[in-house]
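A short worksheet on the structure shown next.
The values are calculated or read from the model by the stated rules, or taken from the named source; none is laboratory data. Everything quoted here is computed from the prediction, not taken from an experiment. Virtual Cβ from ideal backbone geometry, glycine too; neighbours counted across all protein chains shown.
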Amino acid sequence: MSEHNLNLGRTQFGDVANDGRLMTMEDAHGLLKEWVSNEKLQLHMKQVAALMKAWAFEKESSDEATSHAWELAGLLHDADWEKYPDTHCKMIIEELERRKIDPVVIHCIASHGPKYFGVEPESMMDKMIYVFDELSGFIHAASLIRPTGYEGMDVKSVLKKLKTLSFAAQVNREDITDAIGRIDQSLEEIIQFILDHQKNVQ
């Protein structure tokens, strides 16, 4: 995440009148393709979306609509990063507000980097996008330097890489520690969940 000031200057997003209003995944993928040409960034967003959806179903016992909201937030959280790096998060938030999307989804996207955007994760959905964002990218980076990719990669090897600060140096370890500290799960459990659920995302 860039270190320049991305503070959104507000903590309220969307309109409660739009509660439950979600984009179809087809429309969301259309927006993704329109705004993001970088395939690596597209993959990152798809991986976070898959993790969010799986967590909602498996850990929160969410229904289809709620799981869809989690997936949507994951898919679009970095949608403006490539085109609008200096106003990252602001542009996608404004786009989703224009489309009258559920404010829960918009707040979740706004809270995926509290140190940068000035929005604290409140709901479990908010907290999990913050947890998954950096770790998902880090684990994928670790898979790319392995001859067998995700196959055979385990929690121990990921933890070892995390302690090697020269590896994926752009990944902020402090953000990972802060995010994990906000939930009732260990770092090891989260790493295992990511390994199990994002390896087949394309």
Exercise. Do we find that Glu60 is over 20 Å from Tyr130 (Cα atoms), surrounded by fewer than 20 Cβ atoms within 10 Å (Cβ to Cβ) and either in contact with a helix residue (DSSP H, G or I) (Cβ under 6 Å, 6 or more places away or on another chain) or modelled with pLDDT of 95 or more (or both) in this structure?
Worked result: no
For this session: Name every residue in region 147-175 that is among the polar types (S, T, N, Q) and either touching a Phe, Trp or Tyr at 6+ places or on another chain (Cβ under 9 Å) or over 25 Å from Tyr116 (Cα atoms) (or both), in order of residue number.
Result: Thr148, Ser157
Exercise. Does region 53-61 include one or more residues that are more than 12 Å from the chain's Cα centre (by Cα), within 25 Å of Gln185 (Cα to Cα), of a type in the set (Asp, Glu) and in a helix (DSSP H, G or I)?
Worked result: yes
For this session: Examine region 160-170 for a residue that is modelled with pLDDT under 95, surrounded by fewer than 18 Cβ atoms within 10 Å (Cβ to Cβ), under 18 Å from Asp78 (Cα atoms) and not β-branched (Val, Ile, Thr), and state whether such a residue exists.
Result: yes
For this session: For Tyr150, indicate whether it is more than 28 Å from Ala110 (Cα to Cα), surrounded by 11 or more Cβ atoms within 10 Å (Cβ to Cβ) and under 20 Å from the mean Cα position of the chain (by Cα).
Result: yes
For this session: Report yes if Glu71 is surrounded by fewer than 16 Cβ atoms within 10 Å (Cβ to Cβ), over 17 Å from Ile183 (Cα atoms) and in contact with a helix residue (DSSP H, G or I) (Cβ under 9 Å, 6 or more places away or on another chain), otherwise no.
Result: no
Exercise. When both residues are 6+ apart or on different chains and their Cβ atoms are under 8 Å apart, which pairs have a first residue that lies in region 62-73 and is farther than 12 Å from Ala50 by Cβ, and a second that is assigned to a helix (DSSP H, G or I) and of a type outside the set (A, V, I, L, M, F, W, C)?
Worked result: His68/Lys53
For this session: Using the structure shown, decide if Ala142 is among the small types (Gly, Ala, Ser), at pLDDT below 95 and under 19 Å from the mean Cα position of the chain (by Cα).
Result: no
Problem set entry | Residues being under 23 Å from Gly181 (Cβ atoms) and surrounded by fewer than 17 Cβ atoms within 10 Å (Cβ to Cβ) - total across region 85-117 | 1
Exercise. Modelled with pLDDT of 95 or more, at negative phi, buried (at least 19 other Cβ atoms within 10 Å of the Cβ) and β-branched (Val, Ile, Thr): does that describe Ile183?
Worked result: no
Problem set entry | Tabulated pairs, region 4-15, first of a type in the set (S, T, N, Q) and surrounded by fewer than 12 Cβ atoms within 10 Å (Cβ to Cβ), second modelled with pLDDT under 90 and in a loop (DSSP other than H, G, I, E, B), C-beta under 9 angstrom, 6+ apart or interchain | none
Exercise. Does region 22-39 include one or more residues that are assigned to a helix (DSSP H, G or I), at negative phi and touching a His at 6+ places or on another chain (Cβ under 8 Å)?
Worked result: yes
